Each structure stands twice: as structure tokens, then as C-alpha cells.
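Novice: Mind having a look at this structure? Questions to follow.
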Amino acid sequence: MADTISSTAILLLVALVFIPAQTAARTILYTVDQNPNSISSPSPSPSPSPSPSPSPNSICESMVELQGYVCQQHQVTTKDGYILGLQRIPVGRSGKTADKPPVLLQHGIFSDAVTWLFNSPEESLAFILADNGYDVWLANTRGTISSRRHQSLSPNDPDYWNWSWDELAAYDLPAFFQYVHDQTGQKLHYVGHSLGTLMAFAAFSQDQLVNNLRSAALLSPIAYLNRIPSLLTKAAAELFLGEEIYWLGLHEFIPKGQQVAKLLENICNKPGINCNNLLTVFTGSNCCVNNSKINVFLDHEPQSTATKNLIHLAQMIRGGTIAKFDYGNKEENIKQYGQPTPPIYNMSSIPNETPLFLSYGGKDQLSDVKDVQVLLEKLKDHDQDKLVVQLVENYAHLDFVFGVNANKVVYDPLMAFFRLH
């Protein structure tokens, strides 16, 4: 078993470093944390003034201001004590103040807000929204570079990593929503990609956030995963690699480190090896990604997540359901939930009047067409004038955030949807 895990983990290691957040975490690998200790801090002041930039290489400085945009760094504290970074682009490049509602952009796993900033201002959704008059807010979930602080825990503490996407939906997303609402005095539009859609589905199904929501655009929607066609992704889940790593005491999953970088350098320099093709194995055949941006991605990503988060996603692949984290025995589930099995997130419970824009790709290996159809069946009673569904036949998982033509194919219809709400 150990040999199988080792060889599989090495294979997944090579692929994963080339996969952004959106690959949604069914791959399992580890290196030892080489980051310096994070500091914990008290809750930020409720003052509306933006917080100081957390580091010289903050998202504002490295990705936004260099493109000629104003950028503010904010902080928000969750009810369970995580201090999260939040960037704001309040005006377009022309300097005109936003005259449209706020929009919150939520990345997926292994990434952060840089997801929305990789391409040129004419091709990146965050910049496009700002230039079209929207007040743009960029979320960063716990464990990412901008969000590694806690009121009492350090990232070196195992308890810091005791969470899955359950907590992202229950704590991180509500904290972002409330903060943006409080700062702007307005309801907001939401855009999520991959895991960012799963967080929203879970929250909406429990009638959370909808009171502060204008509409939600969910790209590469993730709710059901058991028909996922990526063989390596399924293998990682079926081998219980996340569980094996967790019980070794490795609670933080770190997909980037010196050993990984050296391994990739050696492999990618071999004749006939095109490392960009590894993206296709996990995400599908992306038609429209600018390959020159892969190095930009590697400069910023991938980001850490909790091993428990990976285990939870693997449970979805094996079980075919969207449910809370399964602790593996009746006694612990009863302790956590008051019942022997984890509660289901019922997609049919999403309020029928919630405006939803769903866009998915015919070539996506993660948000598979068949899995999306299961989701749409659950939404069959949704108000017809509140649900827009777009299938982009030649798009795979990354095209929705990195595609050079996504501005026309996806973002124009997305903004048209926003204007209706």
C-alpha cells in the first residue's frame, strides 16, 4: 500500500503544480511546510478604512496596481477566528468611480484571488468588471497567502487546518458577504469558479446569503462529482490518499515547495516533455488558454489547503452526493450532526427566486456535463426567468477564468445577466 501511494503521489505531484485552484482538489500530495510562521492578530477594527497591505508582494501591488488600477487591501474576521484578506478595485482604469453594484469574486481550491487577474485587463474578469463600472471585491479563503492569520492559531497548529469546504461555506463566504454589504450598503453580485461554486451552492441551499444577494454567476459549477471523467482524479479519491496523509499528521496540504520545483524543472526540461499538457489530464482540453500565462500562474500558485478539504471532496467523488463531511463512524457523526450520516445539502432547497447564471463546458473533466445535468435536474422547479444556463461546447475547466476569449463568450453574457438584476 505504501509503494502504491508513493508512486501515485509522485505522479499527481507532477500534474498538480500545473493545475490552478479550479482542479478542485482530488489530487493528494505533500511537501514539508517551508513557510515562516504566520503571526496571529486581534480582530481588525470595524472601521471602513482599508487595512495596510500584508506584504510587499500583495495581490494589490503585484497584480492590480501594475496594470494601472486602484486597489485596496481589506481584512475580515470569520466567526471561527480566521482573518481573511480581501482586495477591492473601487474604480476602473479610467479613474471613474463605480456606478454599479458590488461584485464578489470567489476563487477555487489551490488558488487565491489572482485567478481573476492573470490575463490582460481586456481579458481578466476582475478588470473587465471594474472598467464596466462595478465595485469589484476579490475574496481569498483561509489558508491562502492573504488569509493565513487567526485570532489564536498559527498555520503551524494542526487545529488551524481542521476544516473543509463546509467551513468555507459556513464561515468564510458569509463573512465576505457581510463585509462587502456593510462597506457598500448594497446587495452584491457573486461570481464563483469551481470550488467557489460549491461553497455558494451549499450556502444557498441552507437559505444563507440570499438576503444580501442580487444574483450569482457560477462558472464550471461543482455540486456532484461522481461522474468525473478524469481517471487520475478518480484514482486519487479511490485510493484514499487524503486519508493516508491526514493520519500521518500532515494537516496542511502544500502543493508547492523547493523539492517539487526541482522535480518539475528536471522533468520539464527533458526532450519531448510538454508540461502544459498535464493540464489536460485533470481539467480537460482547454481550447483557449494563453500558454504564456502558465509561468505567471506558477509565480503565484498553487496555494495551500487543508488535507481535510481534500478528503471531503474525495468523499463526494466516491459517494455521489453533496453532503457535509463524513467522519467515518456513526458515533462521531452523531456527535457532530445529531445523526449517524452527514446531512445532505439539498440543491432543490435553493430558493427558486434566486437569480442564477450557470456556465459549464463540454470538455470539462471536473465539472462534467453529466454531473451538471444532475444538478440541473435538482433545479428543475427554479423560476424560469431566474435561471440562465450556458453550455460552451469547446470549453474545459480553465477556459472560464484563463480563456483569452472568455470576455466575449462568458463575461459579456454574465454582465448582461447582472444588468437584469
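The values are calculated or read from the model by the stated rules, or taken from the named source; none is laboratory data. What you see is a predicted model; the values in this text were computed from it and never measured. In this analysis, Cβ positions are derived from the backbone assuming ideal geometry, glycine residues included, and neighbour counts consider all displayed protein chains. The protein model used for the area step is the full one, side chains on, heavy atoms only, and it has no ligands, DNA or RNA in it. Shrake-Rupley method; radii C 1.70, N 1.55, O 1.52, S 1.80 Å.
Novice: Check VAL372 against each of (1) open to solvent by less than 60 Å² (accessible area, probe 1.4 Å); (2) under 17 Å from GLU167 (Cβ atoms); (3) out of contact with any helix residue (DSSP H, G or I) (no Cβ under 9 Å at 6 or more places or on another chain) and name the one condition it does not meet.
Specialist: (2)
Novice: Let me confirm something: among TYR134, TYR171, which residue is open to solvent by 10 Å² or more (accessible area, probe 1.4 Å) and aromatic (Phe, Trp, Tyr)?
Specialist: Result: TYR171 is the single residue among TYR134, TYR171 that is open to solvent by 10 Å² or more (accessible area, probe 1.4 Å) and aromatic (Phe, Trp, Tyr).
Novice: On the given criteria, is THR97 more than 17 Å from the chain's Cα centre (by Cα), in contact (Cβ under 8 Å) with a residue 60 or more places away in the chain and open to solvent by 10 Å² or more (accessible area, probe 1.4 Å)?
Specialist: no
Novice: From the list SER292, SER285, exactly one residue is modelled with pLDDT of 70 or more, outside any helix (DSSP H, G or I) and open to solvent by 60 Å² or more (accessible area, probe 1.4 Å). Which is it?
Specialist: Going through SER292, SER285 in turn, the sole match is SER285.
Novice: Can you report the number of residues in segment 385-408 which are crowded, with 21+ Cβ neighbours inside 10 Å, among the hydrophobic types (A, V, I, L, M, F, W, C) and touching a strand residue (DSSP E or B) at 6+ places or on another chain (Cβ under 7 Å)?
Specialist: The number of residues fulfilling the criteria is 6.
Novice: GLU252 - would you say it is at pLDDT 75 or above, of a type in the set (D, E, K, R) and surrounded by fewer than 18 Cβ atoms within 10 Å (Cβ to Cβ)?
Specialist: Against the criterion (at pLDDT 75 or above, of a type in the set (D, E, K, R) and surrounded by fewer than 18 Cβ atoms within 10 Å (Cβ to Cβ)), GLU252 does not qualify.
Residue-wise test of (1) at pLDDT 95 or above; (2) more than 15 Å from the chain's Cα centre (by Cα); (3) among the aliphatic types (A, V, I, L, M); (4) open to solvent by 10 Å² or more (accessible area, probe 1.4 Å).
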position	(1), (2), (3), (4)
THR78	yes, yes, no, no
PRO90	yes, yes, no, yes
SER124	yes, yes, no, no
ILE128	yes, yes, yes, yes
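Novice: Just checking, which of LEU232, LEU209, LEU239 is open to solvent by 20 Å² or more (accessible area, probe 1.4 Å), modelled with pLDDT under 95 and in contact with a Phe, Trp or Tyr (Cβ under 7 Å, 6 or more places away or on another chain)?
Specialist: Being open to solvent by 20 Å² or more (accessible area, probe 1.4 Å), modelled with pLDDT under 95 and in contact with a Phe, Trp or Tyr (Cβ under 7 Å, 6 or more places away or on another chain) holds for just one of LEU232, LEU209, LEU239, which is LEU232.
Novice: Look through SER367, SER348 and report the one residue that is outside any strand (DSSP E or B), more than 30 Å from ILE128 (Cα to Cα) and of a type in the set (Ser, Thr, Tyr).
Specialist: Within the list SER367, SER348, the selection yields SER348.
Novice: Inspect segment 347-359 for any residue being open to solvent by 60 Å² or more (accessible area, probe 1.4 Å) and more than 21 Å from VAL191 (Cα to Cα) and give the result as yes or no.
Specialist: No, there is no match, as no residue in segment 347-359 is open to solvent by 60 Å² or more (accessible area, probe 1.4 Å) and more than 21 Å from VAL191 (Cα to Cα).
Novice: Which residues, counting only those in segment 145-171, are among the hydroxyl-bearing types (Ser, Thr, Tyr) and either part of a helix (DSSP H, G or I) or modelled with pLDDT under 95 (or both)?
Specialist: SER146, SER147, TYR160, TYR171
Novice: Which condition breaks for LEU375 when tested against (1) modelled with pLDDT under 95; (2) over 24 Å from ARG142 (Cβ atoms); (3) part of a helix (DSSP H, G or I)?
Specialist: (1)
Novice: Out of everything in segment 295-319 that is open to solvent by 20 Å² or more (accessible area, probe 1.4 Å) and at pLDDT 80 or above, what residue ends up being nearest to PHE253 (Cα to Cα)?
Specialist: GLN315
Novice: On to the next question. Suppose we filter SER194, SER147, SER152, SER111 for residues that are among the polar types (S, T, N, Q) and surrounded by fewer than 24 Cβ atoms within 10 Å (Cβ to Cβ); which single one remains?
Specialist: SER152
Novice: I'd like the full set of residues that are among the small types (Gly, Ala, Ser) and not in a strand (DSSP E or B), limited to segment 183-219.
Specialist: Matches in segment 183-219: GLY185, SER194, GLY196, ALA200, ALA202, ALA203, SER205.
Novice: Now for a different question. Can ILE83 be described as buried (at least 24 other Cβ atoms within 10 Å of the Cβ) and under 16 Å from ASP131 (Cα atoms)?
Specialist: So ILE83 fails the test.
Novice: Looking at (1) touching a strand residue (DSSP E or B) at 6+ places or on another chain (Cβ under 6 Å); (2) within 30 Å of SER292 (Cα to Cα), which is the only condition HIS107 fails?
Specialist: (1)
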